[in-house]
Every structure is written in C-alpha cells, then in structure tokens.
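The values are calculated or read from the model by the stated rules, or taken from the named source; none is laboratory data. If you're wondering where the values come from, they're calculated on a predicted model, not measured in any experiment. Please note: Cβ atoms are built from the backbone with ideal geometry, for glycine as well, and neighbour counts cover all protein chains shown. Each accessible area value is taken on the protein alone, full model and side chains, heavy atoms only, with ligands, DNA and RNA left out. Shrake-Rupley method; radii C 1.70, N 1.55, O 1.52, S 1.80 Å.
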Amino acid sequence: MRKAVVVFSGGQDSTTCLIQALAHHDEVHCITFDYGQRHIQEIEVAKAVTQSLGVVAHKVMDVSLLNELAISSLTRDSIPVSHELQENGLPNSFVPGRNILFLTLAGIYAYQIGAEAVITGVCETDFSGYPDCRDNFVKSLNESLVLGMDRPLRIETPLMWLNKAETWALADQYNKLDFVRNHTLTCYNGIIGDGCGDCPSCDLRRAGLEDYLNNKDTVMTSLIEKQQQGNA
C-alpha cells in the first residue's frame with residue numbers, strides 16, 4: 001500500500017499537491033501546523049478542504065513555540081506584510097525555521113504510520129525567495145531525516161520546478177482548477193479565494209492564473225514536458 005503525508009496549509013500549492021497525491025497513493029494523510037500564524041483562518045480552511053476532498057486522516061498540530069521564536073510579519077500582527085525586501089534580501093514574511101520544523105515533524109509522522117513519502121508544495125521557480133523552499137535545502141533535510149531515523153523516506157516536491165501558471169495547469173489536469181481557485185487560502189490577509197489582491201502572495205497567485213487562462217495550450221504543454229522529464 002502506497003502511503004503519503006502531505007504538509008497541508010489549505011493554500012493553492014498544498015491543495016494542488018493533495019489533489020495529485022490522492023490520485024497516486026492508496027492512503028493519504030494530511031498534517032497542518034498551527035503556529036499562531038497571521039492568517040489563522042488557514043486552519044479552518046485546511047479542515048474544510050480535506051473534508052471536501054475526502055481525506056480520512058487530517059492531523060492539526062500545535063507548534064506555537066515557533067511563534068515565540070520566529071519574528072515575521074506572519075507571526076506578528078504588528079508587522080505589516082511588505083512588498084519590500086529586508087536588508088538580508090528576504091521578505092519580512094519569511095518565518096525562519098518553519099519548513100525545517102514542519103518537514104521534520106512530518107517525517108516523524110510518516111515514520112509512525114509507515115508512509116514512504118512526505119509531500120510539500122515548496123517551489124523555487126515562482127516563489128517569495130524563502131531559503132527553506134529551495135531544492136538543495138529539501139534534499140539536504142531529506143538525507144538528514146533518512147540518516148536520523150534509519151528508514152527510507154522521500155520528501156517529494158511536485159511543484160519545485162513549476163511556475164504559478166503551471167501549478168494552475170496541474171490543478172486543471174485533475175479538473176480541480178475552480179475548486180482550488182474558490183476554496184483555498186493563499187492570501188496573507190486571510191481572504192479565501194482570489195484574496196485581497198494586494199499582498200505579495202496574492203500577486204503571485206493572480207499573475208499565474210492570468211498567465212494560465214491567457215495561454216492555456218502553451219502552459220499545459222510546458223507542464224506536460226516537465227512531467228515527462230520528471231520535474232513535476
């Protein structure tokens with residue numbers, strides 16, 4: 001039996017990964033992390049999405065310690081989300097250590113339930129510049145988890161080399177584009193669907209959707225080529 005754990009936030013990327021995982025695995029578990037994030041609505045959205053898609057096992061884990069340690073516009077309401085980069089070259093929405101913690105805990109969960117894969121929607125093609133979304137980071141952590149638990153485990157990143165338009169195309173391959181568009185929460189200001197239209201996350205999402213809708217054949221062809229090359 002093929003089992004997978006999806007790191008699930010209820011956003012566009014993780015929902016697209018979940019839709020794909022449900023088509024390719026016999027048993028899919030979702031794990032959502034409550035770290036006191038700014039857009040706390042994502043917890044309820046994640047629950048609603050997993051129920052709609054028929055996911056049997058959905059764990060919500062309290063990791064509020066991260067909120068105490070990591071200062072970011074996503075962990076402090078007093079810090080407005082900015083389009084400008086900080087002095088270190090990163091957006092102020094970067095939560096240091098977030099994916100290190102999330103993927104490590106998801107790996108432990110996978111170990112306990114006998115899953116061979118952890119799936120995450122990180123991407124370094126169209127992304128906000130977070131260092132813990134890069135391919136070299138994921139591969140390094142994957143190796144460390146295998147060594148530390150002495151058990152085979154794959155961290156799968158189906159969106160790593162896709163741009164946002166191709167991510168929309170992937171949802172459309174499974175006839176779920178409208179579902180992803182209307183029921184997921186990507187907006188940093190907590191607005192479901194098309195979002196506030198002003199934050200950096202909404203900008204990426206909107207631009208990708210417009211690109212896909214205006215260039216469907218071209219984008220879908222690009223996605224299929226990447227899938228055939230093993231990059232999606």
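Charging the Cβ of each Asp and Glu at -1 and of each Lys and Arg at +1, and nothing else, the dipole of the chain about its Cα centre rounds to 420 debye. In this structure, ASP150 and ALA23 have a Cβ-Cβ separation that, at R0 = 41 Å, corresponds to a calculated FRET efficiency of about 0.85.
Straight-line reach from LYS59: taking Cα to Cα under 13 Å and skipping same-chain neighbours fewer than 8 places apart, the aspartates and glutamates in range are ASP34, GLU44. Can you send over the carbon and sulfur percentage of the accessible area for the chain, probe radius 1.4 Å, protein chains only? Heavy-atom surface of the chain belonging to carbon and sulfur, 1.4 Å probe: 49 percent.
Think of it as helices only: each DSSP H run of n ≥ 4 in the chain is worth -39500 (n - 2.57), and spread over all residues that comes to -14000 deg cm²/dmol at 222 nm.
DSSP bridge analysis restricted to the chain gives an antiparallel fraction near 5%, rounded to the nearest 5.
For segment 126-232, the equivalent ellipsoid built from the Cα gyration tensor has semi-axes of 27, 19, 12 Å, listed from largest to smallest.
A cut-off of 5 Å between modelled amide H atoms, ignoring neighbours fewer than 5 places along the same chain, links GLY11 with LEU185.
Projecting the Cα atoms of LEU177, VAL122, ASN136 onto the charge dipole of segment 119-182 (Cβ charges, centred on the Cα centre) puts LEU177 farthest toward the positive pole. Per the Debye formula with a single identical scatterer at each Cα and no solvent contribution, what log10 I(q)/I(0) holds for the chain at q = 0.08, 0.10, 0.13 Å⁻¹? At q = 0.08, 0.10, 0.13 Å⁻¹ the computed log10 ratios are -0.27, -0.43, -0.75. Straight-line reach from LYS216: taking Cα to Cα under 23 Å and skipping same-chain neighbours fewer than 8 places apart, the lysines in range are LYS164, LYS176, LYS226. Solvent-accessible area per residue in segment 116-185 equals 43 Å², computed with a 1.4 angstrom probe and all protein chains kept. Indicate the gyration tensor shape class of segment 1-65 (rounded, prolate or oblate), computed on the Cα atoms with a ≥ b ≥ c the square roots of the eigenvalues: a/c under 1.5 is rounded; otherwise a/b larger than b/c is prolate and the rest oblate. Prolate. Each residue of segment 226-232 was assigned a 3J(HN,Hα) from its phi angle through the Karplus expression (A = 6.51, B = -1.76, C = 1.60, θ = phi - 60°), giving 5, 5, 5, 7, x, 9, 7 Hz with x at Gly and Pro. Hydrodynamic analysis of segment 186-232 uses the Kirkwood radius over alpha carbon pairs. Inserted into Stokes-Einstein at 25 °C and 0.890 mPa s, it gives a translational diffusion coefficient of 206 µm²/s. When only the Cβ of Lys, Arg, Asp and Glu is charged (+1, +1, -1, -1), the dipole of segment 119-232 relative to its Cα centre reaches about 240 debye.
Heavy-atom accessible surface of THR218, to the nearest 10 Å², is about 100 Å², with a 1.4 Å probe and all protein chains retained.
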